[in-house]
Amino acid sequence: MSAPHPAPAAADGVHSLARLIERAERVLARLEVFLPGPLAAPDWTASTAFRYRRRANGSPVLEPVRQVARIGFDDLVEVGPQKERLLRNTEQFVHGRPANNALLTGARGTGKSSLVKACLTAYASEGLRLIEVDKADLVDLPDIVDCVSSRPERFIVFCDDLSFDEGEPGYKALKSILDGSVSAAGHNLLVYATSNRRHLLPEYMKENLSYRHTEDGEVHPGEVVEEKISLSERFGLWVSFYPFSQDEYLAIAAQWMRSLGATDEHIAAARAECLVWALERGSRSGRVAYQYAQDWAGRRSGGSA
């Protein structure tokens, strides 16, 4: 006796389901092109510095920096104590000894970012690598940690001009990685951040009302203030920078001018002009001194100086 054939309605249902699944798979295959994928390791031999970015479709990528800024420690003057502290910490890290995450704070244009770049210049040949991350992408910091955890190199995650507004998600991600999370940063990664303010969240006058005064005269900050200073405290090394005096500004300008071919006679002749340059910009920062040296060298090479 032959087996009964499936009813036509049941067979049609099976075929319809198969076609539906096939169409769904084709749609998903097309969508995968637009969906963000996991962070893939870059070609680590392509550069000593990388930028963490997200493409238009949201996929994360570590892009090699093709033209890495070559700043040496000798190029940076009038920041001797700061240079010594960050250099020592970086050397400990590169050589596998205990080292701290670092927060560089203070006046704008005083060499905070340049000092981090100088560390890369000094130790790139010994395996130091730098990954620049914008504060908006700090929520992905655990993925970066996982990506580099098995590498033999030493990585500095560099966050320039770091500060947060209330409720920004990167704040908690950075706070967790620095200290207090199940996901540790790993033995081969440190965070170096620069900021114009030591406390990385905005502070308001009304928050002073939350301070408590004890009977023995001590003053204790309230919970709001404690939360705002807790992120800064998670950086083991604080390096502070201060506005330059007139003599320090002139010394920095002279250093940059010498690197661009100026003689002592050129520097002495340019003193008054260099001061006017700073006066017009309302700042005697190292950045302004460098900009003057660039302008002086450009005019001289064109025959107008």
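None of the figures in this text is laboratory data; all of them are computed from the coordinates on show. Everything numeric in this text was worked out from a predicted model, so none of it was measured. Note: ideal-geometry Cβ built from the backbone for every residue, glycine included; neighbour counts use all protein chains shown.
A compact table of results
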quantity: Cut-off 14 Å between beta-carbons: net charge of the residues surrounding Glu153, Lys and Arg +1, Asp and Glu -1; calculated: +1
quantity: Percentage of interatomic Cα-Cα distances in segment 246-301 larger than 16 Å; calculated: 27
quantity: Long-range HN-HN contacts of Val65 with modeled amide H, under 5 Å; calculated: Ala49, Phe50, Arg51
quantity: Order of Lys112, Lys135 - criterion: other Cβ atoms within 10 Å of each residue's Cβ, fewest first; calculated: Lys135, Lys112
quantity: Residue exposure sequence - Leu120, Leu104 - by fewest surrounding Cβ within 10 Å; calculated: Leu120, Leu104
quantity: Per-residue ³J(HN,Hα) for segment 108-121, Karplus 6.51 cos²θ - 1.76 cosθ + 1.60, θ = phi - 60°, Hz, x for Gly and Pro; calculated: 5, x, 9, x, 5, 5, 4, 5, 5, 5, 5, 4, 5, 4
quantity: Cut-off under 5 Å, modelled amide H: who pairs with Gly236 long-range; calculated: Asn101
quantity: Pairs beyond 18 Å (Cα-Cα), from Lys83/Lys175; Lys135/Lys172; Lys83/Lys135; Lys83/Lys117; calculated: Lys83/Lys175; Lys83/Lys135
quantity: Which of Glu78, Glu280, Glu153 has the fewest Cβ neighbours within 10 Å, and the rest in rising order; calculated: Glu280, Glu153, Glu78
